[in-house]
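Q: Before I ask anything, let me first share the structure, which is written out below as structure tokens.
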Amino acid sequence: MNPSNWRVYLVTQASLSGDRSTLEIVDAAIDGGIDAVQLREKETTARSRYELGLELRERTAAAGVDLIVNDRIDLARAIDADGVHVGQSDLPVSAVRDLLGPDAIVGCSASTVADAREAEAHGADYLGVGAVYGTSSKDVDETKDGIGPDRIAEIADAVSVPIHGIGGITADTAAPVVTAGAAGVAVISEITTASDPRAATESLAAAVETTKEVG
Ligand code: TZP
Ligand code: MG
């Protein structure tokens with residue numbers, strides 16, 4: 001699927017899923033209608049990420065959901081993922097593109113117009129822009145209060161690649177992100193910590209869709 005059609009993008013984080021496994025969360029999120037999932041397990045071994053990745057590949061392929069791997073090109077190739085997401089301190093987008101080829105989806109994190117323009121110039125297929133709102137799921141300066149939907153609007157004006165807002169987004173706060181120009185929203189907690197991850201996904205998808213219809 002083209003990242004411009006992703007409405008809800010789940011980013012995994014096992015440490016927030018309570019007594020549920022990442023696979024249980026992803027299964028529920030697939031049932032609820034996610035369009036993409038990013039394997040982002042920072043606290044496990046390469047072997048367990050690989051094993052989880054193979055399971056995710058099977059489930060996402062069956063459901064027509066895109067599978068993206070955080071940072072690791074080797075892991076993405078090993079599990080035949082659809083692409084890789086890199087941050088500002090990882091390999092540059094152009095290097096990832098050279099390694100993965102023209103058909104891979106390459107995403108990049110950006111929180112400023114300058115980062116966004118550079119990632120686009122290097123061939124990024126989409127941008128993850130945030131943290132939009134305050135979040136405790138990522139420990140970086142700007143996640144305290146967030147860059148806000150206004151920055152999404154500035155970045156959306158500056159680039160033509162699709163943008164996915166990330167950081168502190170819930171079904172109640174998704175609308176301004178989409179109105180500002182994001183194609184969709186990426187979340188960890190809203191789905192991963194929900195008592196009913198499937199229902200949480202449905203609510204997010206509905207919020208994004210309704211906002212797009214209005215806009
Ligand atoms: N990048 C910017 S904010 C963030 C990442 C990975 C964390 C998003 O998690 P949550 O729980 O949806 O705020
Ligand atoms: Mg990274």
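Q: In debye, nearest 20: dipole of the chain around its Cα centre with unit charges on the Cβ of K, R (+) and D, E (-)?
A: Dipole magnitude for the chain comes out near 180 debye.
Q: Can you say what percent of the DSSP beta bridges in the chain, counting only those with both residues inside, are antiparallel? Round to 5.
A: For the chain, the DSSP antiparallel bridge percentage is about 0.
Q: Something else about it: Only helical DSSP H runs with n ≥ 4 go in: add -39500 (n - 2.57) per run for the chain, normalise by residue count and round the 222 nm mean residue ellipticity to 500 deg cm²/dmol.
A: -12500 deg cm²/dmol
Q: With unit charges on the beta carbon (Lys/Arg positive, Asp/Glu negative), name the residue among Cys108, Ser4, Gly32 whose Cα is farthest towards the positive pole of the charge dipole of the chain.
A: Going by the charge dipole, the pick is Cys108.
Q: Still on this model: Between rounded, prolate and oblate, where does the chain land on the alpha carbon gyration tensor, with a ≥ b ≥ c its root eigenvalues, rounded for a/c under 1.5, else prolate if a/b exceeds b/c?
A: rounded
Q: Here's a follow-up. Using r as the Cβ-Cβ distance of Thr45 and Arg77, and R0 as 22 Å, what FRET efficiency do you calculate, to the nearest 0.05?
A: Using R0 = 22 Å, I get an efficiency of 0.75.
Q: If you don't mind, there's one more thing I want to ask. Could you name the lysines in cross-link range of Lys42, using Cα to Cα under 30 Å and dropping any fewer than eight places away on the same chain?
A: In chain and number order, the partners are Lys138, Lys144.
Q: Now, a different point. How would Glu51, Glu154 line up from fewest to most surrounding beta-carbon atoms within 10 angstrom?
A: Ranked by crowding around the Cβ, least crowded first: Glu51, Glu154.
Q: Under the rule a/c < 1.5 gives rounded, and otherwise a/b versus b/c splits prolate from oblate, where does segment 152-191 land using the Cα gyration tensor?
A: Judged from the Cα gyration tensor, segment 152-191 comes out prolate (a/c at least 1.5, a/b above b/c).
Q: Could I ask something else about it? Using θ = phi - 60° and the Karplus curve 6.51 cos²θ - 1.76 cosθ + 1.60, what whole-Hz ³J(HN,Hα) does each residue of segment 5-11 get, with Gly and Pro shown as x?
A: 9, 6, 9, 10, 10, 8, 10
Q: If a/c stays under 1.5 just call it rounded; otherwise compare a/b with b/c (prolate if a/b is bigger, oblate if not). Do that for segment 39-129, with a ≥ b ≥ c from the square roots of the Cα gyration tensor eigenvalues.
A: The shape class here is prolate.
Values quoted throughout were computed directly from the atomic coordinates according to the rules given, and no laboratory measurement underlies them. Only a predicted model underlies this, so the values are computations on that prediction, with no experimental measurement involved. Cβ: placed from backbone, ideal geometry, glycine included. Neighbour counts: every protein chain shown.
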